[in-house]
């Protein structure tokens, strides 16, 4: 049987998450660039790039970018937007990348982590990030802040988009935040389409340990992309790790 992430990132994903815009990606990339401090022309891997908003903003900023995603639908949209073919696009599972290393930076953004049931599968992702990086290369892993999610989870929401009614129901079970999505045509024609999402609610302490165990070093943890937004356990919406792969002399 297919896992949830093999089913959910298709045509309906574009409808459910159409509010994510390119302008927001440009603002976020500017902040990332200030954190990473990379020279022009540096090689950057956008791991789980989706429709490529951040990949394209990075390419516009002068970096050599590769984008990887499992979803052929999302990569198709990315390639449509990449009219000047600035980015190398690859379809692959983030646990086993068909690429060599040599990247100056690897980005894993907006909770594109924690998709798997077993911690060992998540560790495969971190070890691939380590493998992709040059010694001294930098990484950003942008994850949801678990305490904030637990305190502010909205159990149910409804909205309309593209002539469709979208109902999202959320719950926390066994340290996973789970979302069930039902999409129904407003005109009553057509069947309801249902999807499920599941992400592990890792704490700061747990992720610190996992990153350390994978060989990566953490330099800073931020709570968002606003100016000087340091991480606050209870109030931050995000948990953004910025760090590097140590050079031999550091080890």
(request) List every residue pair whose Cβ atoms lie under 6 Å apart, where the two residues are 6 or more positions apart in sequence or sit on different chains, the first residue falls within the stretch 16-43 and is assigned by TED's automatic domain parsing to the domain that holds residue 63 and part of a loop (DSSP other than H, G, I, E, B), and the second residue, located anywhere, is exposed (fewer than 14 other Cβ atoms within 10 Å of the Cβ) and at pLDDT 90 or above. (result) 40/62
(request) For residue 2, state whether it is surrounded by fewer than 16 Cβ atoms within 10 Å (Cβ to Cβ) and assigned to a helix (DSSP H, G or I). (result) no
(message) Need a quick list: strands (runs of 3 or more DSSP E) entirely within the stretch 144-185 having at least 1 residues that are in contact with a helix residue (DSSP H, G or I) (Cβ under 9 Å, 6 or more places away or on another chain), touching a residue at least 12 places away in the same chain (Cβ under 8 Å) and closer than 30 Å to residue 205 by Cβ.
(response) 164-173, 176-185
(message) Give me the residue from the stretch 77-93 that is in contact with a strand residue (DSSP E or B) (Cβ under 8 Å, 6 or more places away or on another chain) and part of a helix (DSSP H, G or I) and, out of that set, surrounded by the fewest Cβ atoms within 10 Å (Cβ to Cβ).
(response) 79
(message) Out of 118, 128, I need the residue that is assigned by TED's automatic domain parsing to the domain that holds residue 50 and farther than 21 Å from residue 50 by Cα. Which one?
(response) 118
(request) Could you please give the count of residues in the stretch 12-28 that are touching a helix residue (DSSP H, G or I) at 6+ places or on another chain (Cβ under 6 Å) and under 24 Å from residue 95 (Cα atoms)? (result) 0
(request) Given the conditions (1) in a strand (DSSP E or B); (2) surrounded by 14 or more Cβ atoms within 10 Å (Cβ to Cβ); (3) under 19 Å from the mean Cα position of the chain (by Cα), report the number of the one that residue 220 does not fulfil. (result) (2)
(message) One residue is enough: does the stretch 96-104 have a residue meeting the conditions in contact (Cβ under 8 Å) with a residue 24 or more places away in the chain, outside any strand (DSSP E or B) and buried (at least 19 other Cβ atoms within 10 Å of the Cβ)?
(response) yes
(request) Would you tally the residues in the stretch 44-72 being out of contact with any helix residue (DSSP H, G or I) (no Cβ under 6 Å at 6 or more places or on another chain) and in contact (Cβ under 8 Å) with a residue 60 or more places away in the chain? (result) 4
(message) So if I check each of 195, 225, 202, which one is under 23 Å from residue 125 (Cβ atoms), modelled with pLDDT under 95 and either touching a helix residue (DSSP H, G or I) at 6+ places or on another chain (Cβ under 8 Å) or part of a strand (DSSP E or B) (or both)?
(response) 225
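The values are calculated or read from the model by the stated rules, or taken from the named source; none is laboratory data. Bear in mind the structure is a predicted one, so any value in this text is a computation, not a measurement. Methodologically, a virtual Cβ is constructed for each residue, glycine included, from the backbone with ideal geometry; neighbour enumeration extends over all protein chains shown.
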